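Asker: The structure's right below; bear with me while I get my questions together.
Rule-based calculations on the coordinates, nothing more; no lab input. All of these numbers come straight from a predicted model, not from anything done at the bench. Quick reminder, even Gly has a Cβ in these numbers, built from the backbone with ideal geometry, and neighbours come from all protein chains shown.
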Amino acid sequence: MRYSPEALVAFVEAAALGSFSAAARKLRKSQSTISTAISNLEADLGLVLFDREARHPVLTSQGLRVLNQVKDILAASQRLDELAIRLSTHVEPRLTFVLSDIYQPTRHEEILFNFEQRYPDIEFECLLAEDEDVIDLLQSGRASIGFIEAQKNYPPISAFPECMSRLK
């Protein structure tokens, strides 16, 4: 079966908005483009996804079941796109984050959860350490990002060779 990503997006938007015209406006396409894309998707799948008898299209029971699968396909497609971007731009596959032990990590659980959801292919590690140890972990390259209490003096950036090599 051959169906285009554009047809899948048109289907999801039409279902969400309850109108081919509204989907067309959101996607900046003509209403006929959306209607044709959905008709072609129905033909490719051999299913009727929308009941068009009423003023607005209504998902059929088959359309409702297909909708969940299409959402999964589009989400997987987006994850693939994000992975390709990360791989082509040399995004680190692992990020180690170190916090001074004065921070309360429970405050950051939601941020950490959102990071994991947004970047599922990046291994994330969070460490707790004392301020001096945070600096040592950064200098050795063991950690990528560190948070400590404000200091009177900080080591010069040249004291972080791992960071310097990444900036070049």
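Asker: Which trypsin sites (Lys or Arg not before Pro) in segment 1-98 pass both tests, a DSSP loop state and at most 12 other beta-carbon atoms within 10 Å?
Answerer: ARG2, ARG28, ARG55
Asker: I've got another one for you. Give me, ordered by chain and number, the residues 5 or more places off LEU59 or on other chains with an amide H under 5 Å from its own placed amide H.
Answerer: ASP51
Asker: So for the pair PHE97, GLN117, with labels modelled 7 Å out along Cα→Cβ, what separation do we get in nm?
Answerer: 1.4
Asker: Ok, one more. Residue-wise, which Karplus ³J(HN,Hα) couplings in Hz belong to segment 24-35, taking 6.51 cos²θ - 1.76 cosθ + 1.60, θ = phi - 60°, and x for glycine or proline?
Answerer: Whole-Hz 3J(HN,Hα) from phi for segment 24-35: 4, 4, 5, 8, 6, 10, 7, 4, 5, 5, 5, 4.
Asker: Under a cut-off of 20 Å between alpha-carbon atoms, report the aspartates and glutamates in cross-link reach of LYS26, not counting same-chain residues fewer than 8 places apart.
Answerer: Straight-line reach from LYS26, under 20 Å: GLU6, GLU13.
Asker: Where does the chain land on the Kirkwood hydrodynamic radius, alpha-carbon pairs, in angstrom?
Answerer: For the chain, the Kirkwood estimate is 20.0 Å.
Asker: How high is the FRET efficiency between LEU17 and ALA43 when r is their beta carbon distance and R₀ equals 22 Å, given to the nearest 0.05?
Answerer: It comes out at approximately 0.50.
Asker: Return the distance in nm (one decimal) between the two label points of a simple spin-label model at ARG79 and ASP136, each offset 7 Å from Cα along Cα→Cβ.
Answerer: It is 3.8 nm.
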